[in-house]
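A short reminder: the numbers here are calculations on the coordinates, not readings from a lab. Note that the coordinates shown come from a computational prediction; the quantities given were computed from them, not determined experimentally. As a convention, Cβ positions derive from the backbone with ideal geometry for all residues, glycine included, and neighbour counts pool all protein chains shown.
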């Protein structure tokens, strides 16, 4: 399966990481489904990303939020 997780969204660009291969891609967030956020899981169907929800999404969202907070604190 070709599943991706949104690692972060910055300045209108979304960084996606492939769950299996760990490869990353950067795409305009506007080109992705409505309602995406950091930690959202997407499935690539043909050439279109489809928003999927699975039981691990909330865990990844929490991990990403915590990581972002730590990074913000380092910048201060």
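General remarks:
- If only residues of region 24-49 that are within 20 Å of residue 68 (Cα to Cα) and not in a strand (DSSP E or B) are counted, the one that is farthest from the chain's Cα centre (by Cα) is 35.
- Hits in region 1-23 (condition: within 13 Å of residue 64 (Cα to Cα) and out of contact with any strand residue (DSSP E or B) (no Cβ under 6 Å at 6 or more places or on another chain)): 9
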